Each structure stands twice: as structure tokens, then as C-alpha cells.
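The next block holds one structure in the form of C-alpha cells; read it before the comments.
The values are calculated or read from the model by the stated rules, or taken from the named source; none is laboratory data. All figures in this text were calculated on a predicted structure; none of them were measured in a lab. A quick note on method: Cβ atoms are made from the backbone with ideal geometry, for glycine too, and the neighbour counts reach across all protein chains shown.
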């Protein structure tokens with residue numbers, strides 16, 4: 001990949017890019033300064049690409065001794081004010097959960113890319129299987145909320161990474177990008193916008209003027225709304241006197257045990273109150289649809305084809321696509337699902353993590369049909385067969 | 001809060017009371033350590049060096065692992081930027097901090113279980129990379145916070161809650177591990193030699209590279225009260241070390257300076273602590289400077 | 001704020017050894033660390049029901065203010081304080097320790 005003498009932004013235009021590389025470039029465009037990682041198929045290309053590109057922007061790409069050290073180095077870098085990120089796969093994520101839980105407590109912004117691979121245990125390493133979707137929701141001990149993106153193309157891998165870094169800066173909770181083995185390795189055309197356009201979207205890490213303000217999320221006394229301040233930076237005045245991952249108040253001083261419920265409320269509600277701003281969804285031919293396909297990630301691409309064919313046959317079917325899988329937009333899905341004849345949820349896992357979430361909000365007489373696929377992609381005919389069955 | 005009846009902070013106070021975090025936060029000195037524990041004095045020595053050397057708190061963040069010493073943030077300097085991290089992961093977090101902000105020099109407080117037990121892998125690679133930081137290993141040869149279990153450094157034949165039939169495993173030696181891994185400044189001292197501890201700390205502040213300082217500290221509650229003081233020496237009749245003073249005597253009896261240890265045989269050095277400076281190699285290349293060269297090459301373009 | 005009892009008042013060298021009575025935990029570290037061995041445990045109890053250290057009979061003048069007890073005390077209870085303003089006025093200029 002030729003780059004204009006190592007600048008943070010690539011020359012605007014169309015590039016044929018691998019998924020993992022597109023995500024790495026998206027991170028660079030949003031000001032990535034530190035990457036800690038460990039080689040693991042299928043996410044090794046991220047660290048290989050950044051090992052060459054990060055030093056060019058004055059950043060640091062470190063291959064650590066194991067995944068535990070990688071996520072902790074990322075947290076150390078983010079503590080010190082550098083935009084940081086790590087990329088791993090299923091087994092790496094399960095090693096990193098303790099640190100994610102700590103980062104959620106002390107509200108450290110970082111972006112975590114999980115290039116999912118098949119099966120529990122080692123599994124088939126080069127085939128996709130959206131089995132970590134459940135794990136990312138509860139990625140660590142304790143209760144906290146996460147935000148998880150599910151891109152479905154290399155272009156989205158580039159754009160959603162910039163949104164992910166912005167969410168990390170504003171909501172300061174763990175941010176996941178749920179890519180997978182195929183999406184990370186396919187080469188697609190990615191349209192890189194000009195520098196000015198990207199810079200308009202990027203939120204930078206800066207400390208506020210009055211450094212005596214709150215350092216952690218707190219509840220405003222009169223408006224009872226949760227205020228999320230800008231992330232603190234160790235090594236500047238805007239830093240709490242003590243960073244301790246126990247329930248704390250807005251300045252980082254310990255809270256007595258009986259206030260732990262209030263601390264949990266702050267940790268969870270800071271995402272749930274902003275769910276309208278956070279959750280990104282997409283609709284396709286949904287206005288007069290009786291059968292609704294709800295899905296995320298790669299299966300959506302096959303669903304487009306299936307919907308077009310079914311529409312020609314006169315079946316009213318549409319797609320409601322989740323771009324941010326977590327937090328699950330309960331209210332929005334409830335509105336979409338009301339009055340539907342049937343719901344079809346094609347997912348690349350057998351248990352149907354999101355299918356169960358959809359069942360939670362649909363009333364009982366509307367059938368929710370799972371279309372599971374593991375290690376192989378959905379073919380449009382698989383989904384088309386289910387649509388025709390339901391339409392009878 | 002300063003005239004709190006429970007612990008009246010009478011005047012005149014300790015010369016470094018005003019610069020301690022607990023002095024500023026609570027108005028009185030709260031030390032949550034057991035009577036006779038060595039961490040209280042280590043906190044004081046850190047505050048002394050921090051105050052005397054006028055360290056810039058922005059450049060010397062304090063990364064504290066998990067263990068009894070985690071409560072030391074009450075006693076360390078009030079301006080120091082202190083953070084508690086996960087058990088064993090402090091060296092990895094310090095690596096991330098140093099590489100993201102190369103002007104910093106993190107100071108890591110770690111314990112013998114924290115550094116040689118769960119965090120062994122991060123400790124080895126921290127020394128291998130020779131990252132510019134100071135790593136303290138507080139060796140009280142027991143897991144104190146969780147109630148006195150055996151640690152990788154527990155002496156042979158010692159009693160603990162998980163070795164009711166006396167410790168039989170060979171113990172791991174933090175200094176040998178650091179030397180083998182490649183740390184550029186390695187030293188060991190004890191709390192009973194507070195001045196040398198401050199001297200090593202000041203020398204480590206000026207040293208470019210990983211400085212590993214192991215500090216032998218007594219743990220009266222879970223190690224001293226459960227063991228006799230003839231642990232290090234065979235044949236003598238021992239008595240229970242149930243106060244700080246007795247443990248200090250045992251530490252002084254059991255620590256042998258490195259120059260004297262050269263003339264002693266393996267049997268004589270069994271269960272003994274060798275104190276002194278093991279390696280001081282300022283010329284070894286420091287990790288972040290090496291990476292700076294790579295950044296300069298990369299930033300010049302293709 | 002009541003005055004702390006002083007273990008040693010040394011006017012020539014201008015320092016005094018203080019013991020913060022109710023903070024002391026009675027751990028005997030200062031007794032063991034003192035190089036001239038002038039401290040010993042007394043049978044006086046404080047609010048923490050711990051025995052307090054005291055200076056041996058007639059050994060006050062051997063204290064050289066080396067501050068080893070101050071360094072080693074885990075609860076920062078025993079410390080050297082320069083003897084400037086006190087009931088007993090010091091005729092020399094301020095003593096620098």
C-alpha cells in the first residue's frame with residue numbers, strides 16, 4: 001500500500017483493501033497512537049500493517065508477550081492520553097476479559113477489535129463464526145455496558161472504526177468491533193474520503209480548561225441526567241488523585257459499600273440513557289413489509305439478494321439491520337416488530353444470540369425463525385426458502 | 001477532621017506528615033498495615049525521596065499491583081499520580097504508559113506473589129526489553145492480603161496456611177530472574193537497611209533502563225507468628241517471631257551482603273537473602289530510545 | 001492540641017525525639033533498629049492497648065539523631081524534631097539537623 005510519505009491519512013480515492021487493513025487504516029485516520037497486540041489468526045494482519053504504519057505517525061505498535069500484556073499495555077497507553085486499540089480473536093478476548101472489566105470501572109476509552117473465528121476452544125481458525133457476540137456483551141466480571149459494532153464490508157470496517165473511536169471518547173465504556181475471519185481477509189474496494197471530511201468527524205483526546213471538574217460519570221443534582229466528562233489523562237492536571245477500580249464517586253474517591261448500587265446504576269445507565277444516540281440501525285424495504293428479517297454482519301448481504309427475489313414474487317419482506325449489536329435497541333425493535341406476520345433472524349451462530357433478544361420483545365403469537373449457519377456463509381437461497389415457507 | 005478523637009494527630013507531627021496522601025485527605029495518618037509490617041516505612045521512604053528529589057508528579061506515575069502494599073497509597077506522596085492495577089499486570093500497564101508517553105518513567109510497586117507468581121511473564125519481558133522504569137518487588141515471602149498462603153518465595157520449611165506440612169517447594173529468586181531476563185540495574189535490600197533502600201531508589205531514578213529493586217519486608221501477622229526464627233539457620237533453637245522487632249532481627253541475621261556471600265558455600269547460603277547491588281549496566285540500550293530511532297526512520301518517509 | 005511527651009530533649013545538638021503515643025502499635029521495630037540500642041519496651045499502654053517504647057535509664061545522651069527509628073517505624077510514630085521553639089529556649093541560633 002503506497003502511502004503519501006507516512007502521513008496519518010491516505011491519499012483520498014479508491015483502494016483495494018483487506019478487511020483487517022481497512023480497519024487499521026480507519027484507526028489511523030481517527031488518530032490511533034498506540035497498538036498492543038499478539039499474533040493470532042485471523043487478526044494478525046492488523047498488527048503487521050500497523051507495525052509499519054504506526055511509527056510513521058509517531059505512534060507505537062507493540063507486539064507484547066501475550067494477550068494479557070497487550071490489553072494492559074493498551075490500557076496503560078489510554079490512561080496516558082493516547083488513543084489505543086487492540087485486535088484479537090476469540091481465545092484472546094477470553095484472556096482479556098479481566099482487564100476489560102477493570103477498564104469499564106475506571107472508564108478508560110479504548111477500541112477492541114474481535115476478528116471472530118469458529119468454535120469454542122481453538123476451533124477452525126480461518127472460518128467465521130459469530131460466537132463471541134454473547135461474550136462481548138458480558139466481557140468480564142461485574143456489570144457494565146458495552147457498545148459493539150457489526151460491520152459487513154471493508155468500507156464499513158473503515159468508517160465504523162472512526163465512529164468506534166468517537167464513541168470511546170464520548171461514552172468511555174468498552175467498544176467492540178465484531179469483525180470475523182472472512183470479513184477480515186476479503187479484499188474489497190474502500191473509498192477513502194479526503195482528510196478534511198474525516199477530521200470533521202474525529203473527536204480528539206483533549207483535557208478541558210478547568211481541570212478541577214469531575215473525572216468520572218456522575219448524576220447532575222438538578223437535572224438528574226448522567227454527565228459523562230472528558231476522559232482524564234495521567235501525567236496532566238486533569239487526573240484524579242487516585243485511580244482505583246472500586247466503586248468511586250466523580251472524583252475517584254472510594255464510595256462506601258451501601259452506595260455500590262448507585263455506582264452500578266451510573267455504569268449501566270450512562271449507556272442505556274443515550275441508546276437513541278448510540279444505536280445505529282438500517283432499514284431496507286421495511287415500510288410495507290409483513291415478514292421482517294433482523295440481522296447483523298455478513299448474513300445481511302445474502303438477505304438483500306433474498307429480499308429482492310422474494311419481492312419479485314410478490315412477498316412483502318424487508319430487512320432491519322443492526323449496525324450496533326450492543327446495546328440492543330429494544331424500543332426500536334419493538335416498534336418494527338409490532339404487526340409483523342413473522343420474524344426471520346439469520347445468524348452465524350447456532351444459539352441465535354440476537355434471535356433471543358428479538359424474542360424478548362416480540363409477543364408470543366409472532367413466530368421468530370432462526371436461520372443458523374456456522375463456519376459457512378448464508379446463501380440467498382437458504383433465506384429465500386424460509387421466506388417462502390413462512391409466506392404460505 | 002484533624003482533631004479526630006480516635007487517632008488524635010498531636011502536634012508537632014512527623015516531618016513528612018503534610019506531604020502524605022492520608023495527611024492531606026484525612027487530616028491524620030491512617031496506615032492500614034498490621035503492627036510491625038514493613039510497608040509503612042516503605043511508604044515513608046518513597047514520600048521522603050519524592051519530596052527531597054522534588055520529583056515532578058507528572059513524569060513519575062506510581063503503578064501499584066494488588067497485595068497488602070496496595071494500601072500504601074494512603075502513605076505515599078500526596079501529589080504522586082497513583083493507580084491500582086490488576087494482580088500481576090502492573091509491568092504490562094507501565095509498558096503501555098511508557099511507550100505512549102516516552103517522557104514518563106513509571107514506578108511500579110509489586111509484591112513477590114504479584115511479580116514472581118501471577119505476573120511472572122510480564123516481569124520477565126519487562127526486564128528483557130529494558131524499559132525505562134523502576135520495579136520494586138516487596139518480598140515478604142507470603143501472600144499477606146489473602147491470609148497467609150505460601151508464595152513462590154516462601155522459604156523452605158516455613159509454615160503457611162497452604163503448607164501445613166512445611167513448605168517443600170524450592171523458592172524462586174527475583175534477583176536471579178531479573179539478571180537472567182536482562183534488567184540493567186538489579187539490587188536487593190531490606191527494610192532494616194532503610195538508607196540503602198533510599199540510596200538505591202535515588203540511583204534508579206537517574207538510571208536509564210529497567211531497575212529492579214527487591215525489598216525484603218517482614219510480615220508479622222502471617223509469616224512471623226507462624227514460624228520460628230531458626231528458619232534460616234539449622235540446628236539453633238528457634239522462637240516464634242511474633243513482633244516486628246523480632247522479625248527485623250531475623251531479617252538482619254539472614255541477610256548477607258553480596259561481597260561476603262562470595263566466600264560462603266551453598267549450604268551456608270541456604271534460606272538466606274543476599275543483599276547488595278547485583279548489576280549496574282547504564283550502557284544497555286533503553287527500549288523507548290530504540291523505538292524512537294525506528295520512528296525517526298519511519299517518519300522520514302519511504 | 002495537647003503537647004506530645006518527648007522521649008529525649010537534647011539541647012546542645014538541638015533536637016528532640018518524639019513519640020506519637022496513641023498511634024504507636026507497639027511493634028518493637030524501633031527498639032531493634034536503634035544502632036546504639038538505647039530504646040526498650042515500657043509497660044505503659046496507650047489507647048491502642050500497645051506497649052510504648054521508652055529510653056533506657058541514663059542513655060538519653062547516646063542518641064545521635066540518626067533517624068533509623070524514624071525511617072523504620074511503620075506507623076510514622078517516632079521521629080526527630082528540631083528543637084527550635086519550646087518551653088526551654090535555645091540560646092544558640094537555630095540548630096540545623
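Annotations for the structure displayed:
- Of all residues in the stretch B:187-219, those that are over 20 Å from residue B:289 (Cβ atoms) and part of a helix (DSSP H, G or I) total 9.
- For residue B:124, the conditions (1) surrounded by fewer than 24 Cβ atoms within 10 Å (Cβ to Cβ); (2) more than 20 Å from residue B:70 (Cα to Cα); (3) away from every other protein chain (no Cβ under 13 Å); (4) in contact with a helix residue (DSSP H, G or I) (Cβ under 7 Å, 6 or more places away or on another chain) are fulfilled apart from (3).
- Scanning the stretch B:50-93 for residues that are outside any loop (DSSP other than H, G, I, E, B), facing another protein chain (nearest Cβ under 7 Å) and touching a residue at least 40 places away in the same chain (Cβ under 8 Å) turns up B:73, B:82.
- Selection of the stretch B:263-282 for residues being on the phi > 0 side of the Ramachandran plot and not in a strand (DSSP E or B) yields only B:271.
- Any hit, the stretch B:243-255, residues being more than 29 Å from residue B:108 (Cβ to Cβ), in contact with a helix residue (DSSP H, G or I) (Cβ under 9 Å, 6 or more places away or on another chain) and without any contact (Cβ under 8 Å) to a residue 40 or more places away in the chain: yes
- Condition check for residue A:170: without any contact (Cβ under 8 Å) to a residue 60 or more places away in the chain and under 25 Å from residue A:102 (Cβ atoms): yes
- When the stretch B:22-40 is limited to residues that are outside any loop (DSSP other than H, G, I, E, B) and more than 9 Å from every other protein chain (Cβ to nearest Cβ), the one that is modelled with the lowest pLDDT turns out to be B:26.
- Residues within the stretch A:362-375 that are surrounded by 19 or more Cβ atoms within 10 Å (Cβ to Cβ) and farther than 14 Å from residue A:293 by Cα, tallied: 1
- Odd one out for residue A:82 among (1) touching a strand residue (DSSP E or B) at 6+ places or on another chain (Cβ under 9 Å); (2) more than 12 Å from chain B (Cβ to nearest Cβ); (3) in a loop (DSSP other than H, G, I, E, B): (2)
- All positions within the stretch B:95-121 that are without any contact (Cβ under 8 Å) to a residue 40 or more places away in the chain and within 11 Å of chain A (Cβ to nearest Cβ): B:95, B:96, B:97, B:100, B:101, B:118, B:121
- The stretch A:225-252: number of residues that are within 8 Å of chain B (Cβ to nearest Cβ) and either in a loop (DSSP other than H, G, I, E, B) or surrounded by fewer than 19 Cβ atoms within 10 Å (Cβ to Cβ) (or both): 7
- Hits in the stretch B:230-262 - residues which are within 12 Å of chain C (Cβ to nearest Cβ) and not in a helix (DSSP H, G or I): B:241, B:242, B:243
- Scan the stretch B:271-284 for residues that are loosely packed, with under 13 Cβ neighbours inside 10 Å and within 24 Å of the chain's Cα centre (by Cα) and the total you get is 1.
- Of all residues in the stretch C:15-46, those that are more than 7 Å from chain B (Cβ to nearest Cβ), farther than 23 Å from residue B:30 by Cα and either in a helix (DSSP H, G or I) or touching a strand residue (DSSP E or B) at 6+ places or on another chain (Cβ under 6 Å) (or both) total 6.
- Residue within the stretch A:298-315 that is outside any helix (DSSP H, G or I), crowded, with 23+ Cβ neighbours inside 10 Å and modelled with pLDDT under 95 present: yes
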